[in-house]
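Participant: Next up is a structure, given as structure tokens.
The values are calculated or read from the model by the stated rules, or taken from the named source; none is laboratory data. These numbers were taken from a predicted model, which means no experiment stands behind them. Note: ideal-geometry Cβ built from the backbone for every residue, glycine included; neighbour counts use all protein chains shown.
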Amino acid sequence: MRKLSDLDNISQLPDLVLCPLDNWDLISITGDDRISFLQGQLTCDLASLKPGQQTLAAQCNPQGKVFSIFRVIILEDRVLLTQPSSVTQRQLPELQKYAAFSKVEIKKETEYKALGLAGCQSAQYIAEKVDTAATHDQSRLLDSGTVIIKQPYPSLRYLAIMKNAIADELLEDLKNRAEIFDDSLWNAMNIASGIGFIEEQTSATFIPQMLNLQALDGISFAKGCYIGQETVARAKYRGANKRALFILTGRAAQAPKVGDNIQMLVSNNWKRIGTVISGCQYGDGHIEVLAVLPKDCSPEDVYQVKEIEGSTLYYAPLPYTLDED
């Protein structure tokens, strides 16, 4: 299995790539009350979504700090949440404890698998092997139960949610047709797209706006109450949030780790100003980082990862506009 370090940059991406997403979990919520229950738990408006549709969302603690960021996927008989496996042991019990008085069952999904497909031939492959119309929409639910979700920048890529038997058949075919990469490539693509999925080390540390979730349509300010909603609303209406998620790029001897400290050069001294949410390193040694930093950081500032001696980082633009909180 290949790694991100085999590529010097994303432009070297092979024509067809499979990412098995071995370090990601699917969380399943079933039962008659699944939508109303999650409406009171997550930052998004699930009531407005139909089967086959999806959105980003966060689950917060009562103080408004994010346990996890998910991609929420609506199926006919269940709701699925995708997240890094490392955070599940903390996130899942926090969601389950509120379910006692609702007709829902919450558990790690066992009937479906998640796969990542990328590269300039990924859409053609899906059209040939899955469904000719599967890539026409942002997300589409097929009669087989498969959901195909087009992923954002930087490259043509898709998240496929499939029943186990269908996924296994596709995986067997892809062994001979695609280059197989571990999750380091998918992580790098998420960094380039400015989406900061939460790992265990940074769970319950930041409010949703610090992770730019309002700019990614992951927060509804019009729906009713949910856990942590008061803090999220205060950040929007009272300007209480002074931090945001940024992309930094530069060079270092190794890939930054989740939870590492970001420092900024101020008057020839290094000052700690932020935290690494996700980091990666390409084969040519350059690194890319998602970090929570003060909102007033300047593109002219110089940064480093405190834990990596000799690292040097600079501001890189996000692929979306940071709206008001």
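Participant: Just to be sure I understand the filter: pairs with C-beta atoms under 7 Å, separated by 6 or more residues or on different chains, first member in region 174-194 and of a type in the set (S, T, N, Q), second member in a helix (DSSP H, G or I). Which pairs pass?
Facilitator: From residues that are of a type in the set (S, T, N, Q), the pairs are S184/L4.
Participant: Can I ask one more? Return yes or no: is K113 in the same structural domain as A57 (by TED's automatic domain parsing) and surrounded by 15 or more Cβ atoms within 10 Å (Cβ to Cβ)?
Facilitator: yes
Participant: Also, I was wondering about something else. Please go through region 236-254 and give me each residue that is modelled with pLDDT under 95 and small (G, A, S), ordered by number.
Facilitator: The answer is G239, A240.
Participant: What pairs can you find where one residue is in region 30-57 and at positive phi, the other is part of a strand (DSSP E or B) and among the polar types (S, T, N, Q), and their Cβ atoms are less than 9 Å apart, with a gap of 6+ or different chains?
Facilitator: The qualifying pairs are G52/S139.
Participant: Select from region 129-155 the residues that are part of a loop (DSSP other than H, G, I, E, B), within 16 Å of the chain's Cα centre (by Cα) and surrounded by 16 or more Cβ atoms within 10 Å (Cβ to Cβ) and list them in ascending order.
Facilitator: Of everything in region 129-155, those that are part of a loop (DSSP other than H, G, I, E, B), within 16 Å of the chain's Cα centre (by Cα) and surrounded by 16 or more Cβ atoms within 10 Å (Cβ to Cβ) turn out to be Q151, P152, P154, S155.
Participant: In region 116-125, which residues are surrounded by 21 or more Cβ atoms within 10 Å (Cβ to Cβ), under 22 Å from the mean Cα position of the chain (by Cα) and outside any strand (DSSP E or B)?
Facilitator: S122
Participant: Being surrounded by 15 or more Cβ atoms within 10 Å (Cβ to Cβ) and either small (G, A, S) or in contact with a helix residue (DSSP H, G or I) (Cβ under 9 Å, 6 or more places away or on another chain) (or both) is the filter; apply it to region 302-325 and report the residue that is nearest to K242 (Cα to Cα).
Facilitator: Filtering first and then ranking leaves D325.
Participant: Inspect region 220-231 for any residue being under 30 Å from S144 (Cα atoms), part of a loop (DSSP other than H, G, I, E, B) and aliphatic (A, V, I, L, M) and give the result as yes or no.
Facilitator: Checked against the condition, which is being under 30 Å from S144 (Cα atoms), part of a loop (DSSP other than H, G, I, E, B) and aliphatic (A, V, I, L, M), region 220-231 yields no hits at all.
Participant: What residue, among those in region 91-110 that are among the aliphatic types (A, V, I, L, M) and either touching a strand residue (DSSP E or B) at 6+ places or on another chain (Cβ under 8 Å) or not assigned by TED's automatic domain parsing to the domain that holds D77 (or both), is nearest to F181 (Cα to Cα)?
Facilitator: L92
Participant: Return a yes/no flag: does region 159-174 have any residue that is surrounded by fewer than 21 Cβ atoms within 10 Å (Cβ to Cβ) and in a strand (DSSP E or B).
Facilitator: Yes, because at least one residue in region 159-174 is surrounded by fewer than 21 Cβ atoms within 10 Å (Cβ to Cβ) and in a strand (DSSP E or B).
Participant: Consider G283 against the criteria (1) out of contact with any Ser or Thr (no Cβ under 7 Å at 6 or more places or on another chain); (2) in a loop (DSSP other than H, G, I, E, B); (3) at pLDDT 95 or above: it satisfies all of them except one. Which criterion is unmet?
Facilitator: (1)
This table checks each residue for (1) in contact with a Phe, Trp or Tyr (Cβ under 6 Å, 6 or more places away or on another chain); (2) of a type in the set (D, E); (3) assigned to a strand (DSSP E or B); (4) touching a residue at least 60 places away in the same chain (Cβ under 8 Å).
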residue	(1), (2), (3), (4)
A253	no, no, no, no
V258	no, no, no, no
Q263	yes, no, yes, no
K271	no, no, yes, no
V276	no, no, yes, no
L318	no, no, no, yes
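Participant: Which of the following residues is surrounded by 22 or more Cβ atoms within 10 Å (Cβ to Cβ) and in contact with a strand residue (DSSP E or B) (Cβ under 7 Å, 6 or more places away or on another chain): T30, T43?
Facilitator: T43
Participant: Within region 273-284, can one find any residue that is out of contact with any Asp or Glu (no Cβ under 8 Å at 6 or more places or on another chain) and loosely packed, with under 15 Cβ neighbours inside 10 Å?
Facilitator: The answer is no, given that none of the residues of region 273-284 is out of contact with any Asp or Glu (no Cβ under 8 Å at 6 or more places or on another chain) and loosely packed, with under 15 Cβ neighbours inside 10 Å.
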